[in-house]
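The block underneath contains the structure these notes are about, expressed in structure tokens.
The values are calculated or read from the model by the stated rules, or taken from the named source; none is laboratory data. Predicted model, so just to flag it, every value in this text is computed and none were measured. Please note: Cβ atoms are built from the backbone with ideal geometry, for glycine as well, and neighbour counts cover all protein chains shown. Remember, those area values only see protein heavy atoms, side chains included, never the ligands or the DNA or RNA. Shrake-Rupley method; radii C 1.70, N 1.55, O 1.52, S 1.80 Å.
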Amino acid sequence: MLLQSGLTPAQIFTLRFTIAYVLLLCYSLITQHSSLFASSWRDELLMVALGITGGSVYFLTENAAMLYTTATNTSLIVCSCPLFAMLLVAIVYRHTERITKMQALGSVVACLGMAIVVLNGHFVLHLSPLGDLLAFAACLCWAVYSLLAKPATERYSSIFITRKVFFYGLLTIIPYYILKPSEANIFSFSIFNYQLSIILNLLFLSVVASMLCYLLWNWVIGKLGAVVATNWVYFNPITTIIFAWWLLHEQITVWFLLGSALILLGMYLADKRQ
């Protein structure tokens, strides 16, 4: 809806993050829930890295990928981020968070199921080097974000981390508008055409898909760890197809059932500690 109204992906990102940040900032100021800055400059730099990997660069690379490659390629690459997150955790946290063989097997099985669901019986990929590299960059960004969020959740609340992610995500997207000055009229109310549907869609992306989802995601990483939490990304294609069947009356195929079964099996194996 927002794209069809004339907003660009970067403008949508900026608007939704701005609204979510203002809401979280107001809540923090009213309740005095958390301070404005991290307790050290190293932690503040960590928040900058989270804002880049989970905010500006992630959204820009993912959306840009769609301009050069197919939605199937983008979905496959981006949704494979749990594998990369598992490898990064195994390398960086090899002494504190070891990856068991069962967890590795479960993640691979779930990834295979995700691929079957996304491909849906059409096992033909149209390679596009630039688009696929951009999608891979988005995938790597989210894996790094999940990795960096682990130490952050040990020292700060989910509200504080999420608010900082929004702030630095907005700050680090400014260079994009310098390169694309034609999109800098983002806060001109004329772009909304005064349509209630556009405003409601923007509020949904801001309050639900940004603020609430990021709060929950950061909280989950703190509770489950980066590997187990990111494995749940494999459920994205399942929920997408279920809602497409429910709302858009799209057909559920045997490939979806097979892939879903593999995802569930992989998740079960990945959750086992031995």
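Things to note:
- Sub-9 Å Cβ pairs linking a first residue in region 131-142 that is farther than 11 Å from PHE59 by Cβ to a second residue that is buried (at least 20 other Cβ atoms within 10 Å of the Cβ) and of a type in the set (Asp, Glu), at least 6 apart or interchain, are LEU134/GLU62; ALA135/GLU62; ALA137/GLU62; CYS139/GLU62, ordered by first then second residue.
- Residue in region 62-75 that is charged (D, E, K, R) and either within 18 Å of the chain's Cα centre (by Cα) or within 14 Å of THR230 (Cα to Cα) (or both) present: yes
- Any chance SER206 is assigned to a helix (DSSP H, G or I), farther than 26 Å from SER75 by Cβ and either open to solvent by 30 Å² or more (accessible area, probe 1.4 Å) or at pLDDT 90 or above (or both): no
- Residues that are of a type in the set (Val, Ile, Thr) and under 16 Å from the mean Cα position of the chain (by Cα) were ranked within region 193-237; the one that is nearest to PRO151 (Cα to Cα) is ILE221.
- Subset of region 32-61 [surrounded by fewer than 13 Cβ atoms within 10 Å (Cβ to Cβ) and of a type outside the set (Phe, Trp, Tyr)]: GLN32, SER35, LEU36, SER39, SER40, ARG42, LEU45
- Output for region 215-274, where each listed residue is at positive phi and either part of a helix (DSSP H, G or I) or touching a Lys or Arg at 6+ places or on another chain (Cβ under 9 Å) (or both): GLY225
- With respect to being in contact (Cβ under 8 Å) with a residue 12 or more places away in the chain, within 24 Å of ILE238 (Cβ to Cβ) and open to solvent by less than 40 Å² (accessible area, probe 1.4 Å), ALA64 falls outside the description.
- Only one entry of SER56, SER35, SER75 meets the criterion of being assigned to a helix (DSSP H, G or I) and modelled with pLDDT of 80 or more, and that entry is SER56.
- Screening HIS122 against (1) within 14 Å of the chain's Cα centre (by Cα); (2) loosely packed, with under 15 Cβ neighbours inside 10 Å leaves a single unmet condition, (1).
- Leading residue by the ranking (surrounded by the most Cβ atoms within 10 Å (Cβ to Cβ)) among those in region 71-105 that are touching a residue at least 60 places away in the same chain (Cβ under 8 Å) and more than 22 Å from ALA149 (Cβ to Cβ): THR74
- Among the residues of region 1-47, those identified as of a type in the set (Ser, Thr, Tyr) and under 30 Å from ALA65 (Cβ atoms) are SER5, THR8, THR14, THR18, TYR21.
- Filtered residues of region 20-31 (kept if at pLDDT 90 or above and open to solvent by less than 50 Å² (accessible area, probe 1.4 Å)): ALA20, TYR21, LEU24, LEU25
- Candidate set: region 219-274, residues that are among the charged types (D, E, K, R), at pLDDT below 80 and over 21 Å from ASN120 (Cβ atoms); chosen: the one surrounded by the fewest Cβ atoms within 10 Å (Cβ to Cβ): ARG273
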